[in-house]
Every structure is written in C-alpha cells, then in structure tokens.
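The values are calculated or read from the model by the stated rules, or taken from the named source; none is laboratory data. Quick caveat: nothing in here was measured; it's all calculated off a predicted structure. Cβ placement follows ideal geometry from the backbone for every residue including glycine, while neighbour counts extend to all protein chains displayed.
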Amino acid sequence: MNMSERQRANQHSRHRRSEAVVAPGTTDPPTSGLTRERVLVAMSGGVDSSVAAALLLEAGHEVVGATLKLWGGESDTGCCSVADVDDARWVARRLGIEHHTFSFTDDFDEHVVAPYVADHAAGRTPNPCIECNRHLKFDRLMRRADAIGFDAVATGHHALRAGGSKRVARGADRAKDQSYVLHMLDPATLARVRLPVGHLTKAEVRAHAARLGLGTATKPDSQDVCFITATGGRTAFLEPQLETHPGTVIDSRSGDAVGHVRAVELVTIGQRHGLGLPGGTEPRYVIGVDVSHTTVTVGPHEDLLTARVELERLDWVDQAVPGSLLAQTSAHGSPRPCTVDGDVICFEEPVRRVAPGQTVVLYDGEEVVAGGIVRSLRPPA
C-alpha cells in the first residue's frame with residue numbers, strides 16, 4: 001500500500017459508519033435501510049451490477065464503480081471482454097459516479113486459471129467461477145477496498161444476507177439465485193458485502209435499468225467461463241496447456257473395452273457423448289475417470305446414481321448444523337434432502353454422481369450453512 005492509500009484508509013477507518021441491524025432469521029432490507037456508506041461496486045458491465053450501483057446511489061450512499069481486468073487472453077464470453085469494461089464505464093458515467101479498472105490478472109492466473117488446468121490434468125472438473133469469487137471478488141477486491149478506504153463492497157449477485165448478516169441466503173428470484181456461488185463467504189466478510197439486487201426478480205432489475213435509461217437493461221446474461229471462448233471451447237483452451245492422453249472406455253458391468261476417448265483428462269462424470277461408443281445400444285454414462293490408468297468407466301443410468309458424496313473438507317459458515325439439510329450440487333440444481341456424517345453427504349434418495357472438483361453447498365431452509373469440494377475417487381489397486 002502506498003502512502004496516499006494508507007492515509008485514505010486511516011481517514012475512513014476513523015469515520016467508519018455503522019449498518020442498520022438485521023434481525024436474525026430475516027433477509028437484507030432494501031438498500032435504503034442502511035446508514036450512509038462509502039461503497040465500492042464491482043461492475044461487470046451487466047445489468048445486475050449496473051442496477052446494484054444505481055440502487056445504492058439512490059439510497060444516498062457514496063458509490064464508486066470498479067471493473068476487474070482478470071483475464072489477459074482471448075475472450076468472447078463471460079464478463080471480461082473489452083466490451084464489458086466499456087459497458088461498465090458507460091453506466092458509471094450515466095449514473096454520475098467514478099469508475100476505475102483494477103488489473104488482477106496475476107492473481108486470476110494463480111488462483112483460477114492455473115488450478116483449472118491442474119484439476120483437469122488430474123481428471124477433476126473444477127468450478128472456476130466459484131474460485132474467482134473466493135480469491136478475486138471477495139478477497140483481492142475486498143483488500144483493495146480496504147486499502148483505499150471503502151466501508152463495503154457490493155456486487156450484482158442475486159442473493160441475500162440472513163441470520164444477522166452471518167449467512168448468505170437465496171435471492172428473491174429462485175431461477176436466478178446465486179447463493180450457491182457465494183457459499184464461501186464467512187460472517188466477517190459477509191458483514192462488509194452488500195447485495196442490493198437480491199430482493200428483486202430479474203425482470204424487476206431489467207425494468208429498473210430501463211427506467212434509468214441504462215444500455216445494459218436488455219443485455220443478455222453472462223453464462224460462460226470468461227477464458228473459454230465460444231468458438232474454441234474448453235478443449236481448445238486446455239490442450240495447449242496440458243499433456244493429454246487417449247483413454248479406454250470400460251463397461252462397468254462386463255469389464256469389456258467398449259470405446260475410446262482422445263483425452264481422458266477432458267472427460268467428466270455424467271458425460272454421454274464423445275466416448276466412441278457404438279450406436280443402437282442402451283445409453284451409458286461416465287461414472288468414473290481414472291487418469292492414472294487412462295480409463296473411463298461407463299454404465300447404465302442406475303450406475304450413475306449414488307446415495308453419498310465424499311468431500312475433501314466440509315466448511316461450515318459459522319457452526320455445524322445438526323439434522324436434515326438440503327444439498328445443492330450445481331449452480332442451478334435442485335436441492336436434495338440429506339444428512340451429514342463428517343465430510344460425507346448422505347442423501348435421503350439416490351442422486352446423480354457429482355464430479356470430483358465440483359462443489360456441494362448445504363442449506364438450512366433458505367440459508368447457506370456449509371460447502372465443500374467433492375473428493376477425487378481413489379483409483380483401484
């Protein structure tokens with residue numbers, strides 16, 4: 001931190017503003033219920049972060065926009081393109097707020113891209129968007145906000161804060177809920193995060209942007225990983241960066257070789273296509289990937305189901321919650337009843353296997369209480 005940053009941080013820490021109290025078990029009030037704060041808004045160039053900045057500004061907060069430059073390579077999807085930065089800058093100008101661009105490309109390469117490549121080399125299926133939230137938006141950006149004297153960081157995620165601001169909770173729009181990708185926020189971090197659009201549906205967000213004349217009002221949602229291009233896809237990105245190996249596809253019932261794959265490292269649990277299987281037979285799904293033995297195991301749908309998932313480590317948000325919970329195994333998956341035994345999730349009814357490297361998030365009702373990454377399967381002896 002340079003001297004000017006240190007001076008600003010000290011000045012604002014002396015005048016830190018308090019937040020309106022949120023009763024345990026309730027969700028965030030609208031932004032107007034907060035004492036005036038100096039808020040740094042992560043503006044991706046999309047409609048949600050645009051409206052997040054607008055709502056905070058309308059509520060009387062001092063708002064500054066910041067767009068993160070994360071990926072330095074080719075990008076035609078996600079939220080890291082030049083056009084996205086331009087859109088965020090235009091919205092900030094329209095709202096009359098300052099806008100800055102922070103380059104965190106080294107951090108992104110270290111904490112998101114490199115692990116993404118390494119996980120695939122090990123036969124795992126990572127979730128880079130979760131790791132970006134964990135290391136960039138709610139760590140690196142939060143530290144930058146601290147250094148230059150902000151009270152809070154805001155994003156356009158569709159989620160709420162609950163439990164006296166200790167837990168992330170589902171947003172009002174269940175179809176757009178993003179609490180799953182925010183499960184890593186601990187109470188200390190969450191206390192300084194603002195989620196202004198969490199109480200709105202997506203339609204309401206777009207309507208608000210339209211009323212303000214924001215060009216992002218009709219902009220499509222970003223759905224893809226920013227460093228994976230739509231034209232080349234995951235294979236084009238990964239193959240130059242890791243050594244891939246052809247693999248044999250083994251039938252789980254007969255033990256026979258029934259197909260081949262060009263790169264075993266690029267196969268994932270549940271996959272049906274691209275396995276070199278003969279046509280005219282019962283559908284078979286990937287139920288196991290063993291990079292060390294360059295084999296992929298396939299079986300019928302019933303073999304894809306499991307009643308338990310083992311995690312590398314289950315991290316509770318504040319304290320362990322006993323009894324029945326709900327487990328969600330993908331960003332927009334359906335929550336399933338379960339119980340917890342150490343680092344093992346035990347489902348009441350069988351569910352589709354979850355690929356190693358993916359994340360399971362636990363809910364107590366609408367609130368996130370824990371999360372963890374699925375453990376790699378042990379190869380046979």
Original post:
From the list VAL321, VAL267, which residue is in contact (Cβ under 8 Å) with a residue 40 or more places away in the chain, under 29 Å from the mean Cα position of the chain (by Cα) and either under 27 Å from GLN241 (Cα atoms) or buried (at least 17 other Cβ atoms within 10 Å of the Cβ) (or both)?
Top reply: VAL267
**OP:** Filter the range 324-334 down to the residues that are free of Cβ contacts under 8 Å to residues at least 40 places away in the same chain and over 22 Å from GLU131 (Cβ atoms), then identify the one that is farthest from the chain's Cα centre (by Cα).
**Re:** SER324
**OP:** Tell me which residues, restricted to the range 347-356, are surrounded by 14 or more Cβ atoms within 10 Å (Cβ to Cβ) and either in contact (Cβ under 8 Å) with a residue 60 or more places away in the chain or more than 23 Å from PRO126 (Cβ to Cβ) (or both).
**Re:** ARG352, ARG353, VAL354, ALA355, PRO356
Subject >> the range 208-236: number of residues that are touching a helix residue (DSSP H, G or I) at 6+ places or on another chain (Cβ under 8 Å) and not in a loop (DSSP other than H, G, I, E, B) >> reply: 9
Original post:
Residues in the range 101-110: is at least one outside any helix (DSSP H, G or I) and either of a type in the set (Asp, Glu) or in contact with an Asp or Glu (Cβ under 7 Å, 6 or more places away or on another chain) (or both)?
Top reply: no
Original post:
What's the number of the condition VAL168 fails, among (1) part of a helix (DSSP H, G or I); (2) under 25 Å from ALA370 (Cα atoms)?
Top reply: (1)
**OP:** Give GLY357, GLY323 a once-over and let me know the one that is in a loop (DSSP other than H, G, I, E, B) and in contact with a helix residue (DSSP H, G or I) (Cβ under 6 Å, 6 or more places away or on another chain).
**Re:** GLY357
Subject >> Any pair with Cβ under 8 angstrom, 6 or more apart, that starts in the range 207-224 at a residue that is within 12 Å of ALA54 (Cα to Cα) and ends at one that is part of a loop (DSSP other than H, G, I, E, B) >> reply: HIS208/LEU200
Original post:
Limited to the range 240-252, what total is found for residues that are assigned to a loop (DSSP other than H, G, I, E, B) and either touching a helix residue (DSSP H, G or I) at 6+ places or on another chain (Cβ under 8 Å) or of a type in the set (Val, Ile, Thr) (or both)?
Top reply: 7
Original post:
What single numbered condition from (1) assigned to a helix (DSSP H, G or I); (2) closer than 25 Å to ALA118 by Cβ fails to hold for THR189?
Top reply: (2)
**OP:** Would you check if there is a residue in the range 275-283 being more than 30 Å from the chain's Cα centre (by Cα), over 16 Å from GLN358 (Cα atoms) and hydroxyl-bearing (Ser, Thr, Tyr)?
**Re:** yes
**OP:** Could you tell me which residue of the range 284-317 is surrounded by the most Cβ atoms within 10 Å (Cβ to Cβ), considering only residues that are under 25 Å from the mean Cα position of the chain (by Cα) and among the basic types (Lys, Arg)?
**Re:** ARG308
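Being within 15 Å of the chain's Cα centre (by Cα), small (Gly, Ala, Ser) and at pLDDT 95 or above, is that true of even one residue in the range 139-156?
Initial filter on the range 139-156 (within 15 Å of the chain's Cα centre (by Cα)): 139, 155-156.
In the following step, the residues that additionally are small (Gly, Ala, Ser) were identified as 156.
So of that shortlist, the ones also at pLDDT 95 or above come out as 156.
Yes, the range 139-156 has at least one match.
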**OP:** Return the only residue of VAL249, VAL261, VAL181 being closer than 30 Å to THR295 by Cβ, modelled with pLDDT of 95 or more, out of contact with any Pro (no Cβ under 8 Å at 6 or more places or on another chain) and not polar (S, T, N, Q).
**Re:** VAL249
Original post:
Does ALA209 qualify as being under 27 Å from ARG89 (Cβ atoms) and buried (at least 18 other Cβ atoms within 10 Å of the Cβ)?
Top reply: yes
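Going by what's in this entry, would VAL153 be described as touching a residue at least 40 places away in the same chain (Cβ under 8 Å), closer than 30 Å to ASP315 by Cα and not in a loop (DSSP other than H, G, I, E, B)?
For VAL153, the condition - touching a residue at least 40 places away in the same chain (Cβ under 8 Å), closer than 30 Å to ASP315 by Cα and not in a loop (DSSP other than H, G, I, E, B) - is met.
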Original post:
Taking the range 52-71 as the search range and keeping residues that are within 20 Å of the chain's Cα centre (by Cα) and of a type outside the set (Ser, Thr, Tyr), which one is surrounded by the most Cβ atoms within 10 Å (Cβ to Cβ)?
Top reply: ALA52
Subject >> Index of the failed condition, ILE228 passing every other in (1) within 30 Å of LEU185 (Cα to Cα); (2) in contact with a strand residue (DSSP E or B) (Cβ under 7 Å, 6 or more places away or on another chain); (3) β-branched (Val, Ile, Thr) >> reply: (2)
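Listed here are the residues, each with its yes/no results for (1) assigned to a loop (DSSP other than H, G, I, E, B); (2) out of contact with any Gly (no Cβ under 6 Å at 6 or more places or on another chain).
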| site | (1), (2) |
| --- | --- |
| VAL258 | no, yes |
| THR268 | yes, yes |
| GLN271 | yes, yes |
| LEU275 | yes, no |
| GLU282 | yes, yes |
| VAL296 | no, no |
| ASP303 | no, yes |
| THR306 | no, yes |
